[in-house]
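The values are calculated or read from the model by the stated rules, or taken from the named source; none is laboratory data. The shown structure was predicted, so the numbers you read here are calculated from the model rather than taken from an experiment. For neighbour counting, all protein chains shown are included, and Cβ atoms are generated from backbone atoms with ideal geometry for every residue, glycine included. Just so you know, the surface numbers come from the protein's heavy atoms only, side chains and all, with ligands and any DNA or RNA stripped out. Shrake-Rupley method; radii C 1.70, N 1.55, O 1.52, S 1.80 Å.
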Amino acid sequence: MSSTPEPHAPESQDPDDLLIASEHLNGRYPWRNSAQQVPYGRVLLIAAKLKWSPATVVTRLYVLGYGDVQRSEGPLPDVVEPDDAPLITGVQARFGAHPLDIDKTVSLRQTVESAARANRSPADVARRLTALGYRVGTGARPLPETADPRDIALIRTDARSYGTWLDWGDEVSASHVLGVAEDLSCSPRVAAERLIALGLRLPYTPEPGDERLLKYRDRAGGGWFGRWSSPPAGHILAVARDTGRTHADIVARLGELGCGRPDGVVPDTVEADDFVLLSENLDGRAPWLTKNNVVGLQMRHILRASLITGRGPAQVAERLSTLGHWLHKDANLPGTAEEPDIRLLETLTASYLDILLLENVLRSASLTTRTPADVASRLTELGYRLSADVVYSEVRPGVRGA
């Protein structure tokens, strides 16, 4: 029965020969089996390490007993520079680094990761790999001439395990664009344009106006809608006001860009106070109010809006209902908005789904300097449920009886 001969160190103890024969190109055991084919990429890596020409490397391999040396379809390159080594070293091997396979097209992942490791542009890497004899599937358009380490994250589609990656000519979903832009804290339009430049296909053509549609608040490095986002109705109304585009056009374009249906109802006719009512800070600007599908709209928002707009609380609630927001069924709106009620409601961390405990009442009493009994009575009038069988003090917190 035949067996593969055990690899052994070369007879020559020349440091260059030891490096050539070592499996990991470090001049040490383990040694490469001379019966195995020497991959073309290994020839280039040796040339880069020793600063030899690839032809010289091939000649020396034959002398050392490596008779099967893989070749590329074209002639050997004259020179392999040391900084070519990161380009030739494969990034897709799970265990250990291996040279690129000359028989396979260089992947997009390999191209952008090599570019990041070498601080070179994808176009420069593709040109150099082509000059070294590799096939690079660059697609129909030229690759970017600028280096950008974010390219690696742009083409990664699954972070689990070792990840999955987009490759040349793949179609990218709109939600992927929003997701990677969110992860990288960059504009989705910038991400989309870079993906196209890398040879990928998108279901839409990026437009300059997309910046305004997808920016929901001014925040350093972010403030863009992410994947599965539902743009608030206030945002759509503000974009329409600022750009002159119709609501339907904005909603349709946001859908193409990967966003969900609007969060709230976009009215056919906009009223003067709608921007105030739909803004979280009641100032007519972003951030915009989002629907709370669990506990409904906060009453203090309605009361504050009433004071600002001059509308009665019931009128405010009715308009917000038309705009898609709802007030919990247990809430009892007062006939008029009063500052003491707003201050009281701002002290609550509980909702209409909760039963207010003694500590909730005492906290609100302490923050408003009202008596616990007064707080409990007013919260009950506003529709909140309080713990039964609790006697609330008529003394303000911090005030001693006579």
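With a cut-off of 13 Å, note down the residues of the stretch 61-85 whose backbone N falls inside the zone around a label point 7 Å from the Cα of Ser12 toward its beta carbon. Label zone hits: 61-66.
With N residues in the chain, what two-decimal value do you get for its Cα radius of gyration over 2.2 N^0.38 Å?
1.57
Spin-label pair Glu256-Ile308: with each label point 7 Å from Cα along the Cα-Cβ axis, the two points sit 3.3 nm from one another. Considering the zone a paramagnetic label at Asp103 would reach in this model (a point 7 Å from Cα along the Cα-to-Cβ line), which residues of the stretch 45-88 have amide N under 14 Å from it? In the stretch 45-88, the label zone of Asp103 (backbone N under 14 Å from the point 7 Å along Cα→Cβ) covers 69-73.
With +1 assigned to the C-beta of every Lys and Arg and -1 to the C-beta of every Asp and Glu, and no other charges, what is the dipole magnitude of the stretch 208-320 about the Cα centre in debye, to the nearest 20? Spell out each step's value before the answer.
Working: 15 positive and 14 negative charges, 60 e Å.
Computed about the Cα centre, the dipole is about 300 debye.
Taking 37 °C and 0.692 mPa s as conditions, the stretch 289-388 diffuses translationally at an estimated 237 µm²/s according to Stokes-Einstein applied to its Kirkwood radius (Cα pairs).
Taking 0.36 nm per residue of sequence separation and removing the Cα-Cα distance, the Lys51/Arg28 pair yields an extension gain of 6.4 nm. Assuming charge only on the beta carbon of Lys and Arg (+1) and of Asp and Glu (-1), the dipole of the chain about its Cα centre is about 280 debye to the nearest 20.
Heavy atoms only, probe 1.4 Å: what % of the accessible area of the chain goes to carbon and sulfur, would you let me know? Don't skip to the answer; put the middle values down first.
Values: 10200 of 20700 Å².
Here it works out to 49 percent.
Which cross-chain or sequence-distant (5 or more) residues have an amide H under 5 Å from the amide H of Ser34, H modelled 1.01 Å from N in plane? Result for Ser34 returns His8. Over the chain, DSSP H runs of length four or greater, each weighted -39,500 (n - 2.57), average out per residue to a 222 nm ellipticity of -11000 deg cm²/dmol. On the basis of the beta-carbon distance and an R0 of 56 Å, Asp167 and Ala35 show a calculated FRET efficiency of 0.95.
Under a point-charge model restricted to the Cβ atoms of Lys and Arg (+1) and Asp and Glu (-1), what is the dipole moment magnitude of the stretch 35-173 relative to its Cα centre, in debye to the nearest 20?
On the way: 17 positive and 17 negative charges, 68 e Å.
Result for the stretch 35-173 is approximately 320 debye, rounded to the nearest 20.
Sum up the lysine pairs in the chain that clear both bars: alpha-carbon distance under 27 Å and a spacing of 8 or more or different chains. Can you show the working numbers first?
Values: Lys49/Lys104; Lys51/Lys104; Lys215/Lys291; Lys291/Lys329.
Lysine pairs meeting the criterion: 4.
The Arg141 and Glu394 beta-carbon pair, evaluated with R₀ = 51 Å, returns a calculated FRET efficiency of approximately 0.05. Considering only Pro86, Ser121, Pro340, and ranking their Cα positions along the charge dipole of the chain that arises from unit charges at the beta-carbon of Lys, Arg, Asp and Glu, the one farthest toward the positive end is Pro340.
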